[in-house]
Amino acid sequence: MTKSTYIRYEPVKYSIEEMLYRSFSFRQWLATRRSVRDFSDETVPEEILENIIRAAVTSPSGANKQPWTFCVVSNPQLKKEIRIAAEKEEYESYHGRMSEEWINDLAVLGTDWHKPFLETAPFLIVVFKRIYELTNNSEKKSNYYVQESVGIACGLMIAAIHHAGLITLTHTPSPMQFLSKILHRPENERAFLLLPVGYPAVNAEVPNIARKPFEEVCVWYK
Ligand code: IYR
C-alpha cells in the first residue's frame, strides 16, 4: 500500500462582503446559461477548447482515478459521420423507442431526430467514461464512482464553456456505441455525453422554460 503524503492547502480568504458579492454574482451569471441548439459555424481558437477541458479535469473523482477521456472533434468528415449515426439512432428513438410520456415531456423543448448542430458546431466534445483501466500487461484496474466523477467533470466543463462566452448543450444520442466505433476508442471506455461547442447562430432561440422555484428544491434543517 502506498502511504499518503500531505502538502499544505493554500486557502483563499475573502471578507464576508466579498463572499456575498462573489456568490451572488456567480449564481446570477450561471443563471444566464442556456442549452442552445442553434449553432453558428464560426470557428473558435483551439486554445479556448483546451482551457475548457483543462477546467473540466480539475474535477474531483473517486479515489482520484480521473476516469475520463475528452475527445475533441473538429474534423468535418468525422462530424458528418457522427451526425449521420446519431440521427439514425435518434430517428429510431423518436419513432418508437421512447415512451409516449417521454415524447410528451420533450414537447416543450421542441426537439426531434434532426441534429444539424453535430455538423454546424465547430467542435464536438465527446466525453468517455473509463469504466476500468488497463495496465501495460492488460491487467484490469478498478475505477470508482465513475458516473458521479464524469458527471461532475461535465458540470464544470459546461460552466467553463459558458464562462468562455460559448454555448453548448448536453446531447445524449441513445444508444451511443457508434461514438466508440467512429472515434476508435479502446474497450475500457464508454461514451458518456456529447457536447457541441461554438457560438450561437444569429437570432438563435431557446425554449421558454423556467427553473423550479428555490423553495421547491432546497430544504434547510437548522
Ligand atoms: N436524446 C434525444 C432526446 C432527448 C432526451 C432528453 I431526457 C432531453 O432532455 C432532450 C432530448 C435528443 O437529443 O433529441
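None of the figures in this text is laboratory data; all of them are computed from the coordinates on show. Quick caveat: nothing in here was measured; it's all calculated off a predicted structure. Note that each Cβ is placed from the backbone with ideal geometry, even for glycine, and that neighbours are counted across all protein chains shown.
Antiparallel DSSP bridges in the chain: what percent, to the nearest 5?
Counting only bridges with both partners in the chain, antiparallel ones make up about 95 percent.
Calculated FRET efficiency, E205 and K88, Cβ-Cβ r, R0 30 Å, to nearest 0.05?
0.65
Round to the nearest 0.05 the FRET efficiency obtained for H114 and W220 when R0 = 45 Å and r is the Cβ-Cβ distance.
So, using R0 = 45 Å, E works out to roughly 0.55.
How much length is gained on full extension from L156 to E133, taking 0.36 nm per residue of separation minus their Cα-Cα distance?
Result: 6.0 nm gained on full extension.
Using a Förster distance of 22 Å, how high is the FRET efficiency between T43 and T172, based on the Cβ-Cβ distance and rounded to 0.05?
That pair, T43 with T172, gives E of 0.30.
How about the range 37-77: which GluC sites (Glu not before Pro) there lie in a loop by DSSP and see at most 16 other Cβ atoms within 10 Å?
Answer by residue number: E42.
Can you give me the relative contact order of the chain as a percent, contacts being Cα pairs under 8 Å and 6 or more apart?
Taking the mean separation of contacting Cα pairs over the length of the chain, I get 32 percent.
Strictly over 27 Å apart at the Cα level, which of K3/K222; K65/K222; K79/K129; K65/K88; K181/K212; K140/K181 would you flag in this model?
K3/K222; K65/K222; K65/K88; K181/K212
Go through L109, I158, P200 and say which Cα lies farthest out towards the positive end of the charge dipole of the range 86-222; charges sit on Cβ, +1 for Lys and Arg, -1 for Asp and Glu.
It is I158, whose Cα lies furthest towards the positive end.
Test of understanding: given the chain, find the longest segment containing no chymotrypsin sites (Phe, Trp or Tyr not before Pro) that are in a DSSP loop and have at most 15 other Cβ atoms within 10 Å.
Longest site-free region, per DSSP loop and neighbour criteria: 15-112.
Quick one: length gained pulling E101 to K13 fully straight, 0.36 nm per residue minus the C-alpha distance?
26.8 nm
Give, rounded to the nearest 20 debye, the magnitude of the charge dipole that the chain has about its Cα centre when Lys and Arg contribute +1 at Cβ and Asp and Glu contribute -1 at Cβ.
840 debye
Percent of Cα-Cα pairs per 10 Å bin, from 0 to the last occupied bin, for the range 1-110, please list those.
Each 10 Å bin holds this share of Cα pairs: 9, 19, 29, 26, 13, 4.
Can you give the translational diffusion coefficient of the range 1-48 in µm²/s, computed by Stokes-Einstein from the Kirkwood radius over Cα pairs at 4 °C and 1.567 mPa s?
Answer, rounded: 81 µm²/s.
Please give the Cα centre distance for the range 191-222 versus the range 1-47, rounded to the nearest Å.
Between the Cα centres of the range 191-222 and the range 1-47 lies a distance of 16 Å.
Using all Cα-Cα distances in the chain, what percent lands in each 5 angstrom bin from 0 up to the longest?
Reading the bins upward from 0: 1, 6, 11, 14, 17, 17, 14, 9, 6, 4, 2, 0.
So how far, in whole Å, is the C-alpha centre of the range 62-82 from the one of the range 112-169?
6 Å
Could you tell me the ratio Rg/Rh of the range 58-180? Both radii from Cα atoms, Rh via Kirkwood.
Reported Rg/Rh, Kirkwood definition of Rh: 1.01.
Can you find, among P186, I209, L30, the residue farthest towards the positive end of the dipole of the chain? Put +1 on the C-beta of Lys and Arg, -1 on that of Asp and Glu.
P186
Mind checking the range 127-191 for GluC sites (Glu not before Pro) that DSSP puts in a loop (not H, G, I, E or B) and that have at most 11 other Cβ atoms within 10 Å?
E139, E187
Taking each pair of different alpha-carbon atoms in the range 137-213 once, compute 1/r for the pair, average those values, and report the inverse of that mean as the Kirkwood hydrodynamic radius in Å to one decimal.
When all Cα pairs of the range 137-213 are included, the Kirkwood radius is 15.4 Å.
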